[in-house]
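Enquirer: One structure, pasted below without further comment.
The values are calculated or read from the model by the stated rules, or taken from the named source; none is laboratory data. For clarity, every value in this text was computed on a predicted model and none was experimentally measured. Heads up, the Cβs are rebuilt from the backbone with ideal geometry, glycines too, and the neighbour counts pull from every protein chain shown.
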Amino acid sequence: MPTGRNRTKYDMSGMSGSICFKGNPGSSDTVFPQNMTVVSQARNIDVTGNPHGDNNFSLWRDSKAVQPLVGPSRGEVGANAAYVTGSPVPFYFEGGGMDDYYFWPGMSNTSVLGNKLLARTNPSRPVVDLPVFLFELKDLPGMLKQAGDALHWIHKGVNSRSGVPKPTARGMADANLAYQFGWAPFVSDVRKLLDFTGAVEKKKAQLSRLYSKGGLRSTVTLGEDSRSSESLMTVQSYGCTIVASRRRSGKTKTWGSVRWRPTIDLGAGSSPTDWAAVQAAFGLDITLSTIWEALPWSWLVDWFTDMGDILAAHRNTIPAAPERMCIMYTESTETVYTTHSATPGWSWGGATTRNEYKSRAANINPGILPTGYIPFLGDSQLSILGSLAITRGNRG
């Protein structure tokens, strides 16, 4: 019977020492122990008793490697001055506490990630959605005219001194939108269409795996992030002052796995037809996903909801159903401390801390109703919003 368990392990440290203040003649010294009691710790939440199933899992692993403070001995200082005994660590690293993780937004809603996973792995997902491509060809004359105007301006601006008008902010914004929504997807689709045979063969191989005994197992990356920062902080302030340079770097990754199986039986030894592969590769059936992609502004809705993913996840050109869906997430942080400044006569060799978190959400069942969320917009998305603000703003 599957049973949950929660385990924690600590690796203890032998580093101990003190910052002491030498007393006046006839009085005792003042002693401040500064010991590090834990080098690393790990916590694991998992399931036992289900060796062949997909199980939820969480793991936290933290560690720190800290050099001791180095300072004068008792015989080298006068009354009321500080000295070192043993191997004390800076007070910031005392005890068993660990550094904090970087601040991350964390793994998104599992329903949102599940629909994204299904949309990207669905055997019915086309290489090129041909009906949408043909529908959008209506914009090609305007795109060609805009490109021609830009080339004309470049030619006149470089080869004449006739006072050719400089491009306006509105013109630059229009050019950015034309590239983002016109030329970039158009060129990408044309390149894929030129490899018609390769696209069909790739889709046939995918469908062959779908109809194999084990079904079609797919693993895709759903998101990645990384960041870094630098700052100064005081790690020791009594007895001596140690200011450290703190450099942090972190990264996250979210990915998912799913197994698709056909919902109809082709019969023993059968394989998908060439026409089925062509239909799936180029989206030759008109579905709700096709209509959604052709609608104006649907891309903006997809920035803040998973509507587009839901429709793509349930596209059924090739009758198939998902099973054994899992979403995995990992984040890691490394922080390096080096001495920036120290009281004369004192020194410190620095420290390195590491934090890691891993999780698996097993057997998820994403919803069929759209979920709203506030995304972290990238440079491309921000440039689109800026261009829209210019072109759709005060036209006067």
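Enquirer: If you scan the range 42-84, which residues turn out to be free of Cβ contacts under 8 Å to residues at least 40 places away in the same chain, of a type in the set (D, E, K, R) and under 16 Å from Trp346 (Cα atoms)?
Expert: Of everything in the range 42-84, just one residue is free of Cβ contacts under 8 Å to residues at least 40 places away in the same chain, of a type in the set (D, E, K, R) and under 16 Å from Trp346 (Cα atoms), namely Glu76.
Enquirer: Taking Lys116 as meeting all but one of (1) within 30 Å of Glu323 (Cβ to Cβ); (2) out of contact with any Gly (no Cβ under 9 Å at 6 or more places or on another chain), write down the number of the exception.
Expert: (2)
Enquirer: Please tell me if Gln236 is surrounded by 20 or more Cβ atoms within 10 Å (Cβ to Cβ), under 28 Å from Thr110 (Cβ atoms) and assigned by TED's automatic domain parsing to the domain that holds Arg125.
Expert: For Gln236, the condition - surrounded by 20 or more Cβ atoms within 10 Å (Cβ to Cβ), under 28 Å from Thr110 (Cβ atoms) and assigned by TED's automatic domain parsing to the domain that holds Arg125 - is not met.
Enquirer: Now for a different question. Considering only the range 12-41, how many residues are free of Cβ contacts under 8 Å to residues at least 40 places away in the same chain, of a type outside the set (Val, Ile, Thr) and under 19 Å from Tyr92 (Cα atoms)?
Expert: Residues in the range 12-41 being free of Cβ contacts under 8 Å to residues at least 40 places away in the same chain, of a type outside the set (Val, Ile, Thr) and under 19 Å from Tyr92 (Cα atoms): 4 in total.
This table checks each residue for (1) acidic (Asp, Glu); (2) not assigned by TED's automatic domain parsing to the domain that holds Gly345.
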| site | (1), (2) |
| --- | --- |
| Asn35 | no, yes |
| Trp60 | no, yes |
| Ser87 | no, yes |
| Glu94 | yes, yes |
| Gly114 | no, no |
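Enquirer: Just checking, does the range 322-342 include any residue being in contact with a Lys or Arg (Cβ under 7 Å, 6 or more places away or on another chain), modelled with pLDDT under 95 and part of a helix (DSSP H, G or I)?
Expert: no
Enquirer: Within the range 260-308, how many residues turn out to be hydroxyl-bearing (Ser, Thr, Tyr), in contact with a Phe, Trp or Tyr (Cβ under 7 Å, 6 or more places away or on another chain) and modelled with pLDDT under 80?
Expert: Residues meeting the conditions: 1.
Enquirer: Let me ask something additional. Quick check: is even one residue across the range 263-277 free of Cβ contacts under 8 Å to residues at least 12 places away in the same chain and hydrophobic (A, V, I, L, M, F, W, C)?
Expert: The answer is yes; a qualifying residue exists.
Enquirer: Touching a Lys or Arg at 6+ places or on another chain (Cβ under 7 Å) and of a type in the set (Val, Ile, Thr), is that true of Thr8?
Expert: Yes, satisfied.
Enquirer: For the range 40-90, what are the residues that are of a type in the set (Asp, Glu) and more than 28 Å from Thr254 (Cα to Cα)?
Expert: Glu76
Enquirer: Val278 - would you say it is assigned by TED's automatic domain parsing to the domain that holds Leu207, more than 24 Å from the chain's Cα centre (by Cα), assigned to a strand (DSSP E or B) and of a type outside the set (D, E, K, R)?
Expert: Taking the combined requirement at face value, the residue does not satisfy it.
Enquirer: Being assigned to a loop (DSSP other than H, G, I, E, B), surrounded by 10 or more Cβ atoms within 10 Å (Cβ to Cβ) and not hydroxyl-bearing (Ser, Thr, Tyr) is the filter; apply it to the range 370-396 and report the residue that is modelled with the highest pLDDT.
Expert: The extreme case among them is Pro370.
Enquirer: Can you find even one residue in the range 189-209 that is in contact with a helix residue (DSSP H, G or I) (Cβ under 9 Å, 6 or more places away or on another chain) and modelled with pLDDT under 75?
Expert: no
Enquirer: Is it the case that the range 5-16 has a residue that's assigned by TED's automatic domain parsing to the domain that holds Gly308, of a type in the set (Val, Ile, Thr) and closer than 30 Å to Thr335 by Cβ?
Expert: No, there is no match, as no residue in the range 5-16 is assigned by TED's automatic domain parsing to the domain that holds Gly308, of a type in the set (Val, Ile, Thr) and closer than 30 Å to Thr335 by Cβ.
Enquirer: Pairs, please: C-beta under 8 Å, at least 6 apart or cross-chain, first residue farther than 19 Å from Val31 by Cβ and in the range 88-101, second of a type in the set (Ser, Thr, Tyr) and part of a loop (DSSP other than H, G, I, E, B)?
Expert: From residues that are farther than 19 Å from Val31 by Cβ, the pairs are Gly96/Thr37.
Enquirer: Exactly one of (1) free of Cβ contacts under 8 Å to residues at least 40 places away in the same chain; (2) among the charged types (D, E, K, R); (3) crowded, with 16+ Cβ neighbours inside 10 Å is unmet by Lys116. Its number?
Expert: (1)
Enquirer: Given the options Val258, Val220, name the one that is closer than 25 Å to Ser359 by Cβ, surrounded by fewer than 15 Cβ atoms within 10 Å (Cβ to Cβ) and of a type in the set (A, V, I, L, M).
Expert: Val220
Enquirer: Tell me which residues, restricted to the range 240-255, are among the β-branched types (Val, Ile, Thr) and surrounded by fewer than 18 Cβ atoms within 10 Å (Cβ to Cβ).
Expert: Thr241, Val243
Enquirer: List the residue pairs whose Cβ atoms are under 7 Å apart, where the first residue sits in the range 302-324 and is under 15 Å from Gly256 (Cβ atoms) and touching a residue at least 12 places away in the same chain (Cβ under 8 Å), the second is assigned to a loop (DSSP other than H, G, I, E, B) and hydroxyl-bearing (Ser, Thr, Tyr), and the two are 6 or more positions apart or on different chains.
Expert: Asp306/Thr371
Enquirer: Which residues, counting only those in the range 1-31, are surrounded by 15 or more Cβ atoms within 10 Å (Cβ to Cβ) and assigned to a strand (DSSP E or B)?
Expert: Gly17, Ser18, Ile19, Cys20, Phe21
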